[in-house]
Amino acid sequence: MEIVEYIGEIVESIEEIPVQNPEVEDFSWADLSWTKFGTSEHHDDVALIPYARVDEFIIGECSKAECPTRFHIERGRKRSRGSLKEYKSDEYLEYRLYWCSFGPENYGEGGGVLPSRKYRLNTRNRAARPQSMRGCTCHFVVKRLYARPSLALLVYNDRRHVNKAGFTCHGPLDGDAIGPGAKKIPYICNEIQQQTMSMIYLGIPEENVLEKHIEGIQRYCGSDATVNSLASQYVHKLGMIIKRSTHELDLDDQASIKIWAERNKKSIFFYQEPSETDQFMLGIQTEWQLQQFVRFGHCSLVAADSTFGLKRLKYPLCTLLVFDSRHHALPVAWIISRSYMKSDVEKWMKILLQRAQSVEPGFKINGFIIDDAATETDPIRDTFCCPILFSLWRIRRSWLRNVVKKCDNIEVQRELFKCLGEVVYSIWDGVDLSKALERLTQDFVEQTTFMQYFTSNWLPKIGMWLSTIKSLPLASQEACGAIEAYHVKLKVKLFDDTHLGSLQRVDWLVHKLTTELHSSYWLDRYADESDAFQIVKEEYIASTSWHRASEIPDSAVTFDSNNTLVAKVQSQRDAEVTRVVWNPGSEFSFCDCAWSLQGNLCKHIIKVNAMCESREGYGDSMSLRSFKEKLRNIETRPMDDSIGLDLSMALALQMFNQVKQLVQLSETEDISNIVNDLPVKWGCKKGRTTIGIPASIAAYTKKQSQKRKR
């Protein structure tokens, strides 16, 4: 039994609470002395520790022998330094509410008696253990103090791992477990189970899965023959459940997807059933995807692969992507719908933003990349309030694939693809679009198959696409390559020959996305951050052409001083093989390697184009041309004495003040000098009277006010 020491009586000031720094590496509740902080009517058990040791406290709380568990962040808030003019001693800079992963919900089927935790598996549980949502009420708060950022205030609301009835609800002391040997099952955290499931979904042999699974649970249980035997049973049964699972929950596809939606509410952020007035819409985002969305999307870029499977799937798939620490595209949400109406797009975008802001209140993105000229931009601007960029990867890939497919001669392919690039470049070169298209049709009139494709599919909408390319800033080749890499991986996963009969079922698409594809990206990120799977990590790092291009040395690239239309790249695997890049320095470069001939942006083109930036005789890339065009538009002065001049002046001053504040913040040595110069920012009317007043006085004032109202 734990013996906890309490210090003195109730204190009302943080200054009276001593800072504790236990000598042990990982410490818990029992290693600290706790103080009652607040008023006589309402007070909490608190302790002050260095903020740098918060993780060690959490690890210690998770490692108790009588109730091993994990704590997840149930709620969090942040403030920026200098945002408060006046504040109380316990105001937070960062606020995190940690809750035991065995609570608070209880998803037992059939009422109060839960099925055996040894034999029934429920992979949707937060702690990832059979029937793990047991209603545990244990939770605590970590507040990084605003006035003393180096310290953390621990506020323990309920330290016992019990349910609302007061009974122990998990761990070896749980007497309500049903089934033989239920108390002896090794603890399996969310990370271990997700790792095991991902390996099974990806087809890794069961022996290798079991080896990694045992390594994970031995961190909690140690090495034991019984533990290993139970782990082996667990992995085998989990594998059998996954292999026997099916996407067809009902013969009718619509009924099947409705059943799936009812069972997986936590992985759905938007669901709209089809009706006479509404289109079918399904937005999927798992808890892990939400974490990655907040982690890599906040103050960064979000991209859309907007029209996947437009011809082959029952409903097209739109994927929202963020760029992770290695600038690889990571799917953080899937939207399945045929509707691209402004009102429908705005619905799910606003809900998605609210979902992210519920985790990180200050969540915002700095830019949104689209890849389709027909995309409605108003919902993006209204919801995310950010600039919109355009990616050329889709138009480039479509043209290159059809050039290679419909033209047999490689010389013709090179010239035709170069001419298509000149059509796009014409919007900056001052060339009339009609003349550029006329030259294209006259020079390649003999290529009837391709010209029929271009005339029927692109000629009616080429003006819209070029107008969008000119009006929006263009994304870089690195971003285009990352989006294309995701698109290729998605295509390989979904358009496998064994699944061609299921393409017209939505439940099959949802099943593939949430199992195989989700597991693949989860394992990639886990391998990269934990170094647990070196082969997976190496394949993940090398999965984009941009990274593969960085491994090519400059000495392997040869330029012809007499012919700027050709560059050669020596293969790193076979010194006798040389790849020829035609039209270097352009987004419409053509390479003769197999990867490029499939319509992809290859490493040879990226390497050559990167070296062309520092060489004379080569033009700027399209993204740089687009950037320069936007700068020239900014320099254009509005008419004198016009409203346009007033608006330009206001925007210029706003930008100047923001830059000035950033410069002051980076150069100052004392933040208080800047805070004192900031204008007074009033709080809401309800909270104005309590700002800067001690908690005890504020509580007393509030109580008197309530009496007067009565």
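The values are calculated or read from the model by the stated rules, or taken from the named source; none is laboratory data. From a predicted model like this one, the values you see are computed outputs, not experimental measurements. Glycine also receives a Cβ, built like all others from the backbone with ideal geometry; neighbour counts cover every protein chain displayed. We work out accessible area using only protein heavy atoms, side chains counted, and drop any ligands, DNA or RNA first. Shrake-Rupley method; radii C 1.70, N 1.55, O 1.52, S 1.80 Å.
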What's the number of the only condition in (1) open to solvent by 70 Å² or more (accessible area, probe 1.4 Å); (2) farther than 15 Å from LEU154 by Cα; (3) under 30 Å from the mean Cα position of the chain (by Cα) that ALA65 fails to meet?
(3)
Pick from segment 296-311 the residues that are out of contact with any Phe, Trp or Tyr (no Cβ under 9 Å at 6 or more places or on another chain) and free of Cβ contacts under 8 Å to residues at least 60 places away in the same chain: which of them is surrounded by the fewest Cβ atoms within 10 Å (Cβ to Cβ)?
LYS311
State the number of residues belonging to segment 49-62 that are open to solvent by less than 20 Å² (accessible area, probe 1.4 Å) and touching a Leu at 6+ places or on another chain (Cβ under 9 Å).
3
Enumerated helices (runs of 4 or more DSSP H) restricted to segment 517-567, each holding at least 3 residues that are open to solvent by 40 Å² or more (accessible area, probe 1.4 Å)
534-541, 545-550
Within the set of pairs 6+ apart or on separate chains, which have a first residue in segment 333-347 that is farther than 8 Å from MET281 by Cβ, a second that is among the aromatic types (Phe, Trp, Tyr), and C-beta atoms under 9 Å apart?
ALA333/PHE269; ALA333/PHE293; ALA333/TRP348; ARG338/PHE280; ARG338/TYR315
Looking at ILE541, is it in contact (Cβ under 8 Å) with a residue 40 or more places away in the chain, out of contact with any Asp or Glu (no Cβ under 9 Å at 6 or more places or on another chain) and hydrophobic (A, V, I, L, M, F, W, C)?
no
So, THR455, is that one assigned to a helix (DSSP H, G or I), in contact (Cβ under 8 Å) with a residue 40 or more places away in the chain and exposed (fewer than 13 other Cβ atoms within 10 Å of the Cβ) or not?
no
Restricting attention to segment 458-473, does a residue exist that is touching a Ser or Thr at 6+ places or on another chain (Cβ under 7 Å) and of a type in the set (Ser, Thr, Tyr)?
no
So, in segment 335-373, how many residues would count as being under 27 Å from ARG81 (Cα atoms) and open to solvent by 30 Å² or more (accessible area, probe 1.4 Å)?
9
Which numbered condition in (1) outside any helix (DSSP H, G or I); (2) out of contact with any helix residue (DSSP H, G or I) (no Cβ under 9 Å at 6 or more places or on another chain); (3) open to solvent by less than 70 Å² (accessible area, probe 1.4 Å); (4) not charged (D, E, K, R) is the only one that VAL488 fails?
(1)
Give segment 36-48 a look and list any residue that's under 29 Å from GLY135 (Cα atoms) and either among the basic types (Lys, Arg) or open to solvent by less than 40 Å² (accessible area, probe 1.4 Å) (or both), or say none.
LYS36, PHE37, GLY38, ASP45, VAL46, ALA47, LEU48
Report, ordered by the first and then the second residue, all pairs with beta carbons closer than 6 Å, sequence separation of six or more or different chains, a first member in segment 273-295 that is within 14 Å of TRP334 (Cα to Cα) and part of a helix (DSSP H, G or I), and a second member that is of a type in the set (Gly, Ala, Ser) and open to solvent by less than 60 Å² (accessible area, probe 1.4 Å).
PHE293/ALA356
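Find the residue count for segment 574-601, including only residues that are without any contact (Cβ under 8 Å) to a residue 60 or more places away in the chain, in a loop (DSSP other than H, G, I, E, B) and farther than 20 Å from LYS405 by Cα.
Applying the first criterion (without any contact (Cβ under 8 Å) to a residue 60 or more places away in the chain) to segment 574-601 yields 574-581, 584-585, 589, 591, 593-595.
Add one more test, that the residue is in a loop (DSSP other than H, G, I, E, B), and what stays is 574-577, 584-585, 589, 593.
Next cut, farther than 20 Å from LYS405 by Cα only: 574-577, 584-585.
Of the residues in segment 574-601, 6 are without any contact (Cβ under 8 Å) to a residue 60 or more places away in the chain, in a loop (DSSP other than H, G, I, E, B) and farther than 20 Å from LYS405 by Cα.
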On the given criteria, is LYS493 out of contact with any strand residue (DSSP E or B) (no Cβ under 7 Å at 6 or more places or on another chain), touching a residue at least 12 places away in the same chain (Cβ under 8 Å), open to solvent by 50 Å² or more (accessible area, probe 1.4 Å) and closer than 24 Å to GLY309 by Cβ?
yes
So which residues in segment 374-401 are among the basic types (Lys, Arg) and surrounded by 15 or more Cβ atoms within 10 Å (Cβ to Cβ)?
ARG394, ARG396, ARG397
I need the full set of residues from segment 239-254 which are assigned to a helix (DSSP H, G or I) and at pLDDT 80 or above, in order please.
GLY239, MET240, ASP253, GLN254
So, of the residues in segment 77-87 that are open to solvent by 60 Å² or more (accessible area, probe 1.4 Å) and farther than 13 Å from VAL141 by Cβ, which turns out to be nearest to the chain's Cα centre (by Cα)?
LYS78
